[in-house]
């Protein structure tokens with residue numbers, strides 16, 4: 001794999017969240033964790049053991065959880081709500097809009113089991129619209145880290161970041177390749193690989209697929225800029241423009257609907273400042289289905305092969 005980002009192991013991004021919130025709580029006694037009956041799935045066991053007085057079990061009542069979190073901020077607490085991404089957004093969008101975003105409350109909405117890689121639980125749980133829903137809320141920061149280390153770092157960083165945040169991560173074990181203990185800077189894109197022929201922007205699990213694609217494309221003589229857009233909003237427009245002005249074409253890759261996600265954000269910047277061809281690797285206006293995560297990624301075109309095909313297509317349009 002790309003030499004500056006060797007794979008260390010495979011670990012769940014949700015486990016990175018669990019370690020991150022535990023460490024954040026050790027550093028800041030205002031950090032509070034709330035869950036909607038999913039403490040185990042969100043890896044909160046260490047937090048509950050060491051900080052039982054700062055843990056609130058809300059039961060299967062996500063709307064109430066968000067309302068409680070908003071109220072806790074008034075007393076200076078830093079609440080982290082935890083549940084599956086579908087329940088963290090679609091089920092409670094009204095409460096998030098009214099009680100958190102509109103009021104500018106310092107709530108951290110932490111959402112696990114996002115995208116198709118939730119797997120066998122199927123379409124009702126595989127939310128693919130959440131990035132779009134959340135980035136449209138004024139003042140909402142949207143973060144989609146790519147692996148265990150980055151999810152841990154992002155979780156710690158948002159505890160010190162003022163304002164509402166949506167933190168999205170996944171369920172399965174995934175290659176862990178970003179540097180351990182690297183500081184996470186909200187709104188600052190991560191340069192994975194530099195090249196001149198095409199700009200590839202990816203987030204979440206798709207960063208790994210993009211890395212595999214870049215490795216193959218480089219062997220074929222295609223020079224790729226690969227940028228991990230872990231913060232969808234606020235978007236690092238300077239990094240985007242620096243790359244596309246150099247390469248003149250774009251491929252975006254995300255585990256999300258084509259409409260409303262990372263690809264749309266990149267396209268807006270390009271349209272306003274430096275228009276150029278773009279191809280989208282994303283779910284194309286479809287719900288998911290039950291299946292093994294790897295099989296679903298193949299069926300819905302979210303693989304390194306799909307990224308390679310998109311690169312070839314966009315290069316033909318330059």
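For the reader, a short list of remarks on this structure follows.
One line per residue, one yes/no per condition, for (1) in a helix (DSSP H, G or I); (2) within 24 Å of residue 231 (Cα to Cα):
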| residue | (1), (2) |
| --- | --- |
| 266 | yes, yes |
| 275 | no, yes |
| 279 | no, yes |
| 294 | yes, no |
| 307 | yes, yes |
| 311 | yes, yes |
| 318 | no, no |
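- The sole residue among 270, 310 that is surrounded by fewer than 21 Cβ atoms within 10 Å (Cβ to Cβ) and over 20 Å from the mean Cα position of the chain (by Cα) is 270.
- Looking only at the range 43-62, and only at residues there that are in contact (Cβ under 8 Å) with a residue 24 or more places away in the chain, in a helix (DSSP H, G or I) and more than 22 Å from the chain's Cα centre (by Cα), the one that is surrounded by the most Cβ atoms within 10 Å (Cβ to Cβ): 47
- Selection within the range 189-204: residues that are surrounded by fewer than 16 Cβ atoms within 10 Å (Cβ to Cβ) and in contact with a strand residue (DSSP E or B) (Cβ under 7 Å, 6 or more places away or on another chain). The member of this set that is farthest from residue 216 (Cα to Cα) is 191.
- Test: residue in the range 236-255 that is free of Cβ contacts under 8 Å to residues at least 60 places away in the same chain, farther than 22 Å from residue 118 by Cβ and part of a strand (DSSP E or B): no
- Qualifying positions in the range 301-311 - over 17 Å from residue 174 (Cβ atoms) and either touching a residue at least 12 places away in the same chain (Cβ under 8 Å) or out of contact with any strand residue (DSSP E or B) (no Cβ under 9 Å at 6 or more places or on another chain) (or both): 301, 305, 306, 308, 310, 311
- Looking across the range 180-210, the residues that are modelled with pLDDT of 95 or more, more than 15 Å from residue 236 (Cβ to Cβ) and outside any strand (DSSP E or B) come down to 194, 195, 196, 197, 204, 205, 206, 208, 209, 210.
- Each residue in the range 279-294 was checked for being within 26 Å of residue 317 (Cα to Cα) and touching a helix residue (DSSP H, G or I) at 6+ places or on another chain (Cβ under 9 Å), and 5 of them qualify.
- Against the list (1) at pLDDT 95 or above; (2) assigned to a loop (DSSP other than H, G, I, E, B); (3) closer than 16 Å to residue 286 by Cα, the condition residue 86 fails is (2).
- Scan of the range 63-77 for residues that are out of contact with any helix residue (DSSP H, G or I) (no Cβ under 6 Å at 6 or more places or on another chain) and crowded, with 16+ Cβ neighbours inside 10 Å, ordered by number: 65, 68, 69, 72, 73, 77
- Residue match in the range 23-42 (condition: buried (at least 19 other Cβ atoms within 10 Å of the Cβ), under 19 Å from residue 169 (Cα atoms) and free of Cβ contacts under 8 Å to residues at least 40 places away in the same chain): no
- Any hit, the range 126-141, residues being on the phi > 0 side of the Ramachandran plot and in a loop (DSSP other than H, G, I, E, B): yes
- Check on residue 138, free of Cβ contacts under 8 Å to residues at least 60 places away in the same chain, surrounded by fewer than 24 Cβ atoms within 10 Å (Cβ to Cβ) and farther than 27 Å from residue 293 by Cα: yes
- Residue in the range 212-227 that is outside any loop (DSSP other than H, G, I, E, B) and closer than 20 Å to residue 114 by Cα present: no
- Taken over the range 115-125, the criterion of being closer than 23 Å to residue 231 by Cβ and either in contact with a strand residue (DSSP E or B) (Cβ under 7 Å, 6 or more places away or on another chain) or in a loop (DSSP other than H, G, I, E, B) (or both) is satisfied by 115, 116, 117.
- Condition met for residue 72 (assigned to a loop (DSSP other than H, G, I, E, B), within 16 Å of residue 110 (Cβ to Cβ), assigned by TED's automatic domain parsing to the domain that holds residue 125 and modelled with pLDDT of 95 or more): no
- Failed item in (1) surrounded by fewer than 15 Cβ atoms within 10 Å (Cβ to Cβ); (2) within 22 Å of residue 84 (Cα to Cα), with residue 4 passing the rest: (2)
The values are calculated or read from the model by the stated rules, or taken from the named source; none is laboratory data. All values reported here derive from a predicted model rather than from experimental measurement. Because the Cβ atoms are built from the backbone with ideal geometry, glycine has one as well, and the counts that use them run over all protein chains shown.
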